[in-house]
1. Can you go through 362, 356, 390 and tell me which one is touching a helix residue (DSSP H, G or I) at 6+ places or on another chain (Cβ under 7 Å), surrounded by 24 or more Cβ atoms within 10 Å (Cβ to Cβ), at pLDDT 95 or above and part of a loop (DSSP other than H, G, I, E, B)?
2. For the range 110-163, how many residues meet the condition of being part of a loop (DSSP other than H, G, I, E, B) and within 26 Å of the chain's Cα centre (by Cα)?
3. Does residue 384 count as within 23 Å of residue 173 (Cα to Cα) and either crowded, with 24+ Cβ neighbours inside 10 Å or not assigned by TED's automatic domain parsing to the domain that holds residue 352 (or both)?
4. Mind counting the residues in the range 173-186 that are surrounded by 14 or more Cβ atoms within 10 Å (Cβ to Cβ) and either within 15 Å of residue 389 (Cα to Cα) or without any contact (Cβ under 8 Å) to a residue 60 or more places away in the chain (or both)?
5. Answer with yes or no whether residue 97 is surrounded by 14 or more Cβ atoms within 10 Å (Cβ to Cβ), assigned by TED's automatic domain parsing to the domain that holds residue 456 and more than 30 Å from residue 354 (Cα to Cα).
6. So which residues in the range 305-334 are in a helix (DSSP H, G or I) and either modelled with pLDDT under 95 or touching a strand residue (DSSP E or B) at 6+ places or on another chain (Cβ under 7 Å) (or both), if there are any at all?
7. Residue by residue through the range 229-258, note down the ones that are touching a helix residue (DSSP H, G or I) at 6+ places or on another chain (Cβ under 6 Å) and assigned to a loop (DSSP other than H, G, I, E, B).
8. Looking at residue 397 and the list (1) within 27 Å of residue 149 (Cβ to Cβ); (2) touching a helix residue (DSSP H, G or I) at 6+ places or on another chain (Cβ under 6 Å), which single condition is not satisfied?
């Protein structure tokens, strides 16, 4: 099948692919350096200074420029929606990097993405489109398997479906009924993740936001990883169950929380005074397969071992891992070689790896039948549009090998190679990079917010679009750029990114790591004065050794 090179890049050699192999061993601690304290301190100082200057300007502005600051003061008997102190971050800090966020785009977010150029004349408070467009290398989209394409079997199936079914499902399935496409996709999902049954939702966030009230309630306990997505936290709070967070991927802390919860039972409250021991009705552990801000996997083998011992229920959110991990692309269970029946409920989205919209829940038939009857997300929201169901169906048929034989292996192996190659290269250049080697999400830590905006603008000047992540999406001192790798990228694209990062990293002094995380041992040297020299690699050495080293076990 002929591919549009702007959407799916060609590769020049078979060695630019990597065959992932499942491992049932628990994850080991990640190897990474910590930044010198001076960088962390200056990061806090940057925020503190900007915050103080903003508060001082607000103090004088409210009294001497009443018209401009009227929205921050009581007016005509009405209280302000937001006070000066409540909105100081948005008005004084976020606005400084507004040109790096929410950049307007057009067209297909494939290998390349087209930006609509804009300018600001009031320091990022507003923007005006210039009418010009810029095509950039796309390292910011969750296009893991490269299905963001306007040509090919997926696009053809979408066009045929629009002609046959129209553009809308017409309402909720409980009101207007489901289409044969919905039934087909639910069967495909269940078979793909190897569960008895599945159901689809019109949005990924809505899936998590509405699933927990249908599963747990008062008297139940949710044990949640501290870095779980906002949708999981939101849904957990709606359920009315008690919520206890544990340190990210720390199995000792998790087991300690679990043992305490089981031994202590439900606590007494003012509305429900208790005497004696009252066990929890249900304990539900909630984790993600791949954490989108950290690039880390959940330690599923260790969690399953604890599940067998303590008999809790397990919910795994595979929004980012389904399609992107494992030899068959079946997610975190496939990656670790674990039977999906060991996980009670598998959740996933149909956006990232499949180029569509929506979410799904896969579980035993009894659980899915209950959810169909009581889940608000199914009963009251419109079903997924037919065209999107066609996109999902076609992409699943490619991943099962029924459509375009050979495409499944190429996409999965290219994604695995690209993820390992770019991550290894950045580590060897001296950057602090979070996450597991096979993760397609690669966070590079920048620390200082000023460097975050500079990095984004300098990458854009070199024709590369990236996503920068400020506080509060991540901790205050851990601002980062998040590279999202795709099967649509090729080696030339990744080398271009490495070269740009190497140059910008020297300019902005972002190479905080010693290079010890570069795998396959590290080279240590001594200076003439007896001081150790960080074993960082030169760019040409990274490129020369990268293809070969990616195929080996790094640690």
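The values are calculated or read from the model by the stated rules, or taken from the named source; none is laboratory data. It should be emphasised that the depicted structure is a prediction, and the values quoted were computed from it without experimental measurement. Every residue, glycine among them, receives a Cβ derived from its backbone with ideal geometry; neighbour counts consider all protein chains shown.
1. Exactly one of 362, 356, 390 is touching a helix residue (DSSP H, G or I) at 6+ places or on another chain (Cβ under 7 Å), surrounded by 24 or more Cβ atoms within 10 Å (Cβ to Cβ), at pLDDT 95 or above and part of a loop (DSSP other than H, G, I, E, B), namely 356.
2. Within the range 110-163, the first condition is being part of a loop (DSSP other than H, G, I, E, B), and the residues that meet it are 110-111, 120-127, 139-152.
Now restrict to residues that are within 26 Å of the chain's Cα centre (by Cα): 110-111, 139-150.
Count: 14.
3. yes
4. Taking the range 173-186 as the starting set, the residues that turn out to be surrounded by 14 or more Cβ atoms within 10 Å (Cβ to Cβ) are 173-174, 178-179, 181-182, 184-186.
Filter once more, so that each one left must be either within 15 Å of residue 389 (Cα to Cα) or without any contact (Cβ under 8 Å) to a residue 60 or more places away in the chain (or both): 173, 178-179, 181-182, 184-186.
Count: 8.
5. yes
6. Once the filter is applied, which keeps residues that are in a helix (DSSP H, G or I) and either modelled with pLDDT under 95 or touching a strand residue (DSSP E or B) at 6+ places or on another chain (Cβ under 7 Å) (or both), the range 305-334 yields 307, 332.
7. 247
8. Evaluating residue 397 over (1) within 27 Å of residue 149 (Cβ to Cβ); (2) touching a helix residue (DSSP H, G or I) at 6+ places or on another chain (Cβ under 6 Å) leaves (2) as the failure.
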